[in-house]
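Everything on this sheet refers to the single structure shown next.
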Amino acid sequence: MTDPVRAREALADLPRVSLAELPTPLTDCPRLSETLAGPRILVKRDDCTGLAFGGNKVRQHEFVLGDALAAGADCLVQGAAAQSNHSRQLAAAGARLGIETHLLPKVADDTVLQGNYLVDHLLGAQIHPIRPDQSTIEAKQALAEELRAAGRTPYVIGMGAERALVMAAVAYINAALELANQVDEPPTAIITTSQGSTQAGLLVGCRMLGWDTKVIGICPMPPSHEAWNAPEAIAQMARDAAAVIGLDWPADSFEIELRQDFVGQGYGLASPAGLAAMALLGRTEGILLDPVYTSKGFSGLLADVRAGRWGTEDTVIFWHTGGLPALFAQPEAVLEASRS
């Protein structure tokens, strides 16, 4: 099946909740393109999905939480870094839907109640801090077992939760179909900051549309991180997401380009290239990135343009996945970018 109409019908049959303001804008960046003397660059604004600062997870949660409610879940469990965009957007979704939300942030002695972590509290999530050296996957599993023992029906989300990750990828199949209504012809490339579901879903969506578009994931974390997915795992995620809507495509049919060369010193830490990218996009187009996630993805786009990979005949879309509260959690990095 490659017909987008039939794909929309299959997607429409899936359980889904309404959370995001869609479609998100597709913003042309002519001043940036002129500055770089390179390709036409557009930004797909999933930072504008509308729920508690927006972000790509709001779009994903429409399908993930639809699946959770269809499975009879009465509470949600997620864990990540204290500044997790995923956790913040889940807390907002839980508040919108009236579902009890449990978060397990990694909290150190010097963790500041700021940015996403502050918003988590404001949105009424139940916070269960864990140590930085603990396994988030194991902590989530343990809490889920405690909730089940108390008669609850938890739905676990995020790293280690395969079903939720696949449904998150399904959301980005749908997002690719949304993009098809906003462009006159397929872009040369779509670049996004991703280590899994977003890239996997866009790969399936582009293939379904018959586009010969490169879908490139700029990974924000090293392979040693617990949430990291190898290219083979992303290919399998794409295959499983395709299967949800009736497509029988083997995992080895997906070409995965997952870039590790823009991580910098580590996950959640600003990189010089990322800060420079954040400053450039802000000063040419008035579009904000965050200092540790989307800025790294955009630095990958800039590096490829400057290396000559994309020329004036190409159209490159940067899929902005949000994360703006981190601007306020890392003021020193933002100030450094402002001085560059």
For the range 262-292, which positions are surrounded by 24 or more Cβ atoms within 10 Å (Cβ to Cβ) and either assigned to a loop (DSSP other than H, G, I, E, B) or among the charged types (D, E, K, R) (or both)?
L289, D290, P291, V292
Check whether at least one residue in the range 310-330 is aliphatic (A, V, I, L, M) and either surrounded by fewer than 18 Cβ atoms within 10 Å (Cβ to Cβ) or outside the structural domain of G201 (by TED's automatic domain parsing) (or both), and report yes or no.
no
Close pairs (9 angstrom Cβ cut-off, 6 or more residues apart or separate chains): farther than 11 Å from L104 by Cα and without any contact (Cβ under 8 Å) to a residue 24 or more places away in the chain in the range 122-147, surrounded by 14 or more Cβ atoms within 10 Å (Cβ to Cβ) and among the basic types (K, R) anywhere
D133/K106; E146/R152
Within the range 183-195, take every residue that is more than 14 Å from D46 (Cα to Cα) and at pLDDT 95 or above and give me the one that is surrounded by the fewest Cβ atoms within 10 Å (Cβ to Cβ).
D184
Of the listed residues (A20, A91), the one being crowded, with 21+ Cβ neighbours inside 10 Å and part of a helix (DSSP H, G or I) is A91
Failed condition for L177, given (1) assigned by TED's automatic domain parsing to the domain that holds A227; (2) at pLDDT 95 or above; (3) over 20 Å from C219 (Cα atoms), with all others met?
(2)
Pairs please, first residue from the range 266-284 and within 29 Å of S224 (Cβ to Cβ) and assigned by TED's automatic domain parsing to the domain that holds T193, second anywhere and among the basic types (K, R) and buried (at least 17 other Cβ atoms within 10 Å of the Cβ), Cβ atoms under 9 Å, 6+ apart in sequence or on different chains.
A270/K296; S271/K296; A273/K296; G274/K296; A277/K296
Residues that are surrounded by fewer than 22 Cβ atoms within 10 Å (Cβ to Cβ) and touching a Phe, Trp or Tyr at 6+ places or on another chain (Cβ under 6 Å), drawn from the range 196-232:
M221, H225
Quickly run through the range 30-69 and pick out the residues that are surrounded by 20 or more Cβ atoms within 10 Å (Cβ to Cβ), over 18 Å from the mean Cα position of the chain (by Cα) and in a loop (DSSP other than H, G, I, E, B).
G38, P39
Which ones in the range 98-120 are among the aliphatic types (A, V, I, L, M) and either touching a Cys at 6+ places or on another chain (Cβ under 9 Å) or crowded, with 18+ Cβ neighbours inside 10 Å (or both)?
I99, L103, L104, V119
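The values are calculated or read from the model by the stated rules, or taken from the named source; none is laboratory data. Since the model is a prediction, treat every value here as computed from it, not as a measurement. No Cβ is skipped: glycine too gets one built from the backbone with ideal geometry, and neighbour counts run over all protein chains shown.
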